[in-house]
1. Where Lys and Arg each count +1 and Asp and Glu each count -1, what net charge lies around Lys13 among other residues with Cβ under 14 Å from its Cβ?
2. In whole percent, and with a 1.4 Å probe on the protein chains, what portion of the accessible area of segment 11-163 is carbon and sulfur?
3. Expected output is a single nm value to one decimal: the length gained when fully extending between Asp232 and Ser115, i.e. 0.36 nm times separation in residues minus the C-alpha distance. What is it?
4. Could you pull out every whole DSSP H run in the chain that spans at least 27 Å of Cα extent along its own axis and averages 1.0 or higher on the Kyte-Doolittle scale?
5. Give, as ranges by residue number, the residues of segment 146-165 whose backbone N falls under 13 Å from the point 7 Å along Cα→Cβ of Glu217.
6. Between Glu242 and Lys317, what FRET efficiency follows from the Cβ-Cβ distance if R0 is 45 Å, with the result rounded to 0.05?
7. Rounded if a/c is under 1.5, else prolate if a/b beats b/c, else oblate: with a ≥ b ≥ c from the C-alpha gyration tensor eigenvalues square-rooted, which is segment 217-280?
8. Ignoring ligands, DNA and RNA, what accessible area per residue does the chain give at 1.4 Å, in Å²?
Amino acid sequence: MYTRLLNSLALLKTLDTTRAANAFHIWNSFRKAKSGKPPLIEGLPISISFEPTTSCNLRCPECPSGLRSFTRPTGMLAVELFKKTIDTMAHHLQYLTFYFQGEPYLHHQFLEMVSYASTKNIYTATSTNAHYLKEKSAEATVQSGLSKLIISIDGTTQDTYQSYRIGGSLEKVIEGTKAIVKAKRELKSKTPYIVFQFLVVKPNEHQIPEVYKLAKELGVDEVKLKSAQIYDFENGSPLIPEQEKYARYRLGKDGRYQIKNQFDNNCWKMWHSCVITWDGKVLPCCFDKDAQYSMGNLQEQSFEEIWYGEKYQAFRKTLFTNRKEIEICKNCTEGTKVWV
C-alpha cells in the first residue's frame, strides 16, 4: 500500500499549471463530444506510447512481434527523433510508456532515452520480459529515473511460463526481478515501481494465487492480471480462460465467442493518448499493431500538425458514428473491464 501511494505521488508530481490546464481542455472537449457536439479536440495528449523497437527475443503466439508477422518493417527508434519529439511535447506530456511492440531492452540506447524524458519531469514506464535485466542493466534502469517497470510473468513454473512465452526462461525473469529489487535497495531509490503483469490464459489461470505469493517473496510492488487478446476469437481458442471473468470474450448462444465490449460510439483514448512507432508514425492507439491507421509521420510533419490535422479529426468523428466498423476497434477493450 505504501509503495502504491508513492507511485501515485510520483505521477502527481508531474502535474504543473500548464499540464493541468491541458488535461482539463482534453477532458472538456471529450465531454462536449460525448454530449453531441462536434468531436473536435482541444489540447494535446496527456500520455503517449513510444516504441523503442519491434524486435523481440521471444515468440509469443498472439503477438505480431513474437510471430514475426508484421506487415511493417522491424527497426530501432532513432534517439535524435525521440529527443526532438519529446522536446516539443514536454510542456503538456505527463505519462510516457516506452513500449508498443518488441522488447525495449534490445535497444542499446533505451535507458538513455528514459533518462532524457525523466529530466523533463515526465512519468516514465516500460514493459519487459526481463531477460536482459542483469546486474548492470538493473542498476542503469534505477539510475535512469524510470518511474514504473512492468515485468511480464505468465506462469510460476517453467512449463506453464513457456507455454505462452515461447523461447523464454522463467529463471531469467526471476533473476531479473531480483536484480532490479536489489539495485533499488542498494541505490536507496523508490523507483521504479515494480509490477508483475500476469497475462491470464487457460494454461496458467490455475497459478494466479501463486504469482501473488511469488511477487511478495521477491519484493514486487504490485501484481496486475491482464486479459489476453486473441486474434481469431470467434471460434474459440485454447488460450481463452475457463473463468470468464479473466477473459475478454464470452460464449454466445450461437456457440461462437464474442468480445464483451458494447462498442459505444466514443473512445477516450483518441483524446488523451496516442502511439508513436519506432519510425515516426503516429497511430491512434495500441490496437493498431501494423500501423494501418497512421495519422502522419513525425519525420515529415510536426506532432501538432498531425494531432490537429484533418485525417485525425475525421477518424475521431468516425468513432462517434460507427466505431464497430473500424477494424482496429473490433478487438478493443475500451468500455469493458479487462484488468482484475
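The values are calculated or read from the model by the stated rules, or taken from the named source; none is laboratory data. Every value quoted in this text rests on a predicted model; they were computed, and no experiment measured them. Counting neighbours? That spans all protein chains shown, and the Cβs are built from the backbone with ideal geometry, glycine included. Just so you know, the surface numbers come from the protein's heavy atoms only, side chains and all, with ligands and any DNA or RNA stripped out. Shrake-Rupley method; radii C 1.70, N 1.55, O 1.52, S 1.80 Å.
1. On the way: positive: Arg19, Lys120, Lys148, Lys190; negative: Asp16.
Net local charge, Lys13 excluded: +3.
2. Details: 3510 of 6290 Å².
Percent of accessible area from carbon and sulfur atoms in segment 11-163: 56.
3. Working: separation 117, 0.36 × 117 = 42.12 nm, distance 3.92 nm.
Separation in residues times 0.36 nm, less the Cα-Cα distance, equals 38.2 nm.
4. On the way: long enough: none.
Within the chain not a single helix satisfies the rule.
5. 156-158
6. On the way: r = 40 Å, r/R0 = 0.90.
Between Glu242 and Lys317 the formula returns 0.65.
7. Taking the square roots of the gyration eigenvalues as a ≥ b ≥ c, segment 217-280 is oblate.
8. Solvent-accessible surface per residue comes out at 47 Å².
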